[in-house]
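Engineer: The following block contains the structure, expressed as structure tokens.
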Amino acid sequence: MNKIQFILFIFFLSVACNNKIQAQNQTFKDSIPPYFAANGDTMKVLVLNDIYVYPPQTFKNKGAEEKYQKLIRDIKRTLPYAKMIYATLIETYEYVMTLPDDKSREEHLKRMEKELFAEYKPILKKMSLSQGKLLIKLIDRECNQSSYNIVKAFLGPFRAGFWNLFAGMFGASLKSEWDPQGSDAAAERIIQMIEMGVF
């Protein structure tokens, strides 16, 4: 199995195994009603997105700047897929729970996996190995669980260990977790700036 197949495996495992993933708790923003009534008056409630202010980015040398620009490019390429995986997990989980039995759930997931594979294989084949590693971490960021935990939940600890060992052959780890205060601080900053429309 080559690096392209490995990246496709991570993507489709995350999407196809979502019948056991539960939706995250409502965010604070989701819990606020759209209107507020007080003393007979009704007022519209608006919750604005967080705004982050960072000092200008400085670089030690040209190589560091090029590395940062590559990270921006890689995040712009992979972040939409991580967000799509999360949205698909939630949507599919909700639908699968309406199906009457395990057999129909499995049939639906197999059909969905086949359709997603046909649609996204050409796109994912163009990702580099570094983008595949980044996608693994972004899945953890968006879904609040590592790819290893997803594999373990659906395929068991032995298969999870096997796939993690296989990932290690490419210098990756399914146990990779998002660390916004540490090794992923620069990437977290870039994501926040992308989401604010700066990049």
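Values quoted throughout were computed directly from the atomic coordinates according to the rules given, and no laboratory measurement underlies them. On a predicted model such as this, the values are computed, not experimentally measured, just so you know. Cβ placement follows ideal geometry from the backbone for every residue including glycine, while neighbour counts extend to all protein chains displayed.
Engineer: Quick one: putting +1 on the C-beta of Lys and Arg, -1 on the C-beta of Asp and Glu, what dipole do you get for the range 41-199 around its Cα centre, in Debye to the nearest 20?
Structural biologist: Values: 24 positive and 21 negative charges, 167 e Å.
Charge dipole of the range 41-199: 800 debye, to the nearest 20.
Engineer: Also: Report, by chain and number, residues whose modeled amide H sits under 5 Å from the one on W178, excluding near sequence neighbours (fewer than 5 apart, same chain).
Structural biologist: Here R141 satisfy the definition.
Engineer: Can you compute the FRET efficiency between I51 and S183 using 1/(1 + (r/R0)^6), with r the Cβ-Cβ distance and R0 = 25 Å? Round to the nearest 0.05. Each step should come with its number before you reach the end.
Structural biologist: Numbers: r = 25 Å, r/R0 = 0.99.
Efficiency, rounded to the nearest 0.05: 0.50.
Engineer: Let me ask something else. Using a simple charge model, +1 on the beta-carbon of Lys and Arg, -1 on the beta-carbon of Asp and Glu, nothing else, what dipole does the range 85-127 show about its Cα centre, in debye to the nearest 20?
Structural biologist: On the way: 8 positive and 9 negative charges, 75 e Å.
Dipole size: approximately 360 debye.
Engineer: Still on this structure, please answer the following. Within the set K67/K125; K121/K175; K114/K137; K44/K137, which residue pairs have Cα atoms separated by over 29 Å? Each step should come with its number before you reach the end.
Structural biologist: On the way: K67/K125 22 Å; K121/K175 24 Å; K114/K137 24 Å; K44/K137 38 Å.
From K67/K125; K121/K175; K114/K137; K44/K137, over 29 Å: K44/K137.
Engineer: Work out, step by step, the length gained on full extension between M84 and Y120: first 0.36 nm times the residue separation, then minus their alpha carbon distance; give nm to one decimal. Could the numbers behind the result be given before it?
Structural biologist: Values: separation 36, 0.36 × 36 = 12.96 nm, distance 1.16 nm.
Stretched fully, the M84-Y120 segment lengthens by 11.8 nm.
Engineer: Now a separate question. From the backbone phi of the range 172-177, what are the Karplus-calculated ³J(HN,Hα) couplings (6.51 cos²θ - 1.76 cosθ + 1.60, θ = phi - 60°) in whole Hz, Gly and Pro given as x?
Structural biologist: Values per residue, Gly and Pro as x: 10, 9, 5, 8, 4, 10 Hz.
Engineer: Full extension from K76 to A64: what is 0.36 nm times the residue separation minus their Cα-Cα distance, to one decimal in nm? List each step's numbers first, then the result.
Structural biologist: Values: separation 12, 0.36 × 12 = 4.32 nm, distance 1.85 nm.
Between K76 and A64, full extension yields an extra 2.5 nm.
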